Amino acid sequence: MKSLLLEKFRTAFGRAPEIVARAPGRIEFIGNHTDYNGGTVLGAAIDRGVWVALARRDDGRRRFASDQGGEVVAVAANQLDKLSGPHAWVNYPLGVLVALRDAGLALPSGFDYLAVSDLPTGAGLSSSAAIELASGLAFLAATGQTVPRETLVQLGRYAENKFVGVPCGILDQGVSGFGRKDHLVFIDCRGPRFDTVPLPAGAHIWIFNTHTKHALVDGLYAARHRECMAAARALGVALLADLSPAALAAAGKKLDPLEARRAKHIVEEIARVDATVVALRAGDLTAVGELLTASHRSSQHLFENSTAELDFLVDALVGVPAVYGARLTGGGFGGAVMALASGDFGPADADAVSGAYAGKFGARPDVLHAQTGDGAMRVAL
Ligand code: GLA
């Protein structure tokens, strides 16, 4: 990837970059919509992500290019307004500049910037967090600043929440920032506090990306956010993470049926994340798998962010003996399913599941045998 990045930078800008940084995509392992509710979540950084190369300019102009085609986008000095249409991808690095400014940090004045990705597109692996963190590292390096990793993660989330306009939690940026090969990232989102948990040997993660996406996915995500906050208010707590499953059961009558389902999903999902950490530390992949599948059933019936396509894949996967468990991963309403499997699960098994899916839905999902990787970092030139 690095040589491709350098070559593309030269093609776009006619010179070599001064700074290179990369940040990985992520898999949500378990903890569905728990992050913005103040709960816990487990994710894995993968060995693919977004690379950013940058060279400073002294005329204050900021020029952005990417490997997704399209022209170089030139932005005038001090122009930090949101872009639309085909240039909208620039809102990710622009959002990070706004985040730096609002945090009282220095901004590089002018630069040439290139982003290149080796993440499968549209796979729900959070290319947005990856581009935010790689951009953040590059901008900080260009101004000779260093910040704690927690701050880098918060800058990325700020860009997403306040500039791009998605009310996401800390999962995507946190995992991209704190990822570690052969580990899962554990986040207690309230602090937030970040930790890593070893992924037991013999655990394999497979991703099945349906490439389906509900037309209203952003609106549905925001609706779930609102429903959770309304449930917390009705129960007199700041966030749903303040309630244990027993406390929720005792107070449940204060909620209407829809809010009660949302709250039950969140509160029980947080308990499942904590149980998953215990099972991982014990190396009990069977127990981990059962928790993953239980998470999916809760998304399916209580949080109602699954789809027929995702349910089909989960049902097919859990029927394969080498699969410990499977669940939708990420926001839901389409997207991808993750399976935890033993080393006995191979391409032929993945193919059989994909073929059955194609028989029903007409197209095969993309399959990725995901490898874990390290978090965001600068790369030596
Ligand atoms: C998306 C968001 C995350 C998280 C998940 C659901 O990926 O970006 O912050 O809320 O959905 O768990």
Discussion item. Within the chain, which whole H helices from DSSP have a Cα span along their axis of at least 18 Å and a mean Kyte-Doolittle hydropathy of -1.0 or more, if any?
Written reply: 127-142, 217-235, 257-281, 285-298, 347-361
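Based on the Cβ-Cβ distance of R297 and K360, what FRET efficiency does E = 1/(1 + (r/R0)^6) give at R0 = 30 Å, to the nearest 0.05? List each step's numbers first, then the result.
Numbers: r = 20 Å, r/R0 = 0.66.
That pair, R297 with K360, gives E of 0.90.
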Response to the item:
The distance between the Cα centres of the range 89-143 and the range 269-295, in whole Å, is 34 Å
Practice prompt. Rank A65, A123, A246 by mean-square fluctuation in a GNM of the chain with C-alpha springs under 10 angstrom and give only the top-ranked residue.
Written response: A246
Response to the item:
Two pseudo-spin positions, 7 Å from Cα along C-beta at A308 and at H369, lie apart in nanometres by 3.2 nm
Fill in: Per-peptide average of other Cβ atoms within 10 Å, ordering 55-61, 225-231 highest first
225-231, 55-61
Discussion item. Please list 3J(HN,Hα) in residue order for the range 191-201, calculated via the Karplus relation 6.51 cos²θ - 1.76 cosθ + 1.60 where θ = phi - 60°; whole Hz, with x for glycine and proline.
Written reply: x, x, 10, 10, 8, 10, 10, x, 7, x, 4
Worksheet, complete the sentence: Largest fluctuation, A141, A322, A215 only, Gaussian network model of the chain with Cα springs under 10 angstrom, belongs to A215
Worksheet, complete the sentence: Count of lysine pairs, the chain, Cα-Cα under 20 Å, sep. 8 or more residues or interchain, comes to 5
Worksheet item: Using modelled backbone amide H atoms (1.01 Å from N, in-plane), which distant-in-sequence or interchain residues come within less than 5 Å of A336's amide H?
Response: T210, T329
Worksheet item: What is the set of long-range amide H partners of G25 at a cut-off below 5 Å, with H atoms built 1.01 Å from backbone N?
Response: I46, R48, G49, V50
Discussion item. Taking R0 as 41 Å, what FRET efficiency do you get between T121 and A250 from their Cβ-Cβ distance, rounded to the nearest 0.05?
Written reply: 0.35
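From the Cα gyration tensor of the range 208-338, with a ≥ b ≥ c the square roots of its eigenvalues, which class applies: rounded if a/c is under 1.5, or else prolate if a/b is larger than b/c, or else oblate?
Judged from the Cα gyration tensor, the range 208-338 comes out oblate (a/c at least 1.5, b/c at or above a/b).
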Discussion item. Among V164, V90, V147, which one shows the highest mean-square fluctuation when the chain is modelled as a Gaussian network with alpha-carbon springs under 10 Å?
Written reply: V147
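Where a number appears in this text, it was derived from the coordinates with a stated rule and is not lab data. Quantities reported herein were computed from a predicted structural model and do not represent experimental measurements. Don't worry about glycine lacking a Cβ; one is built from the backbone with ideal geometry, like all the others, and counts go over all protein chains shown.
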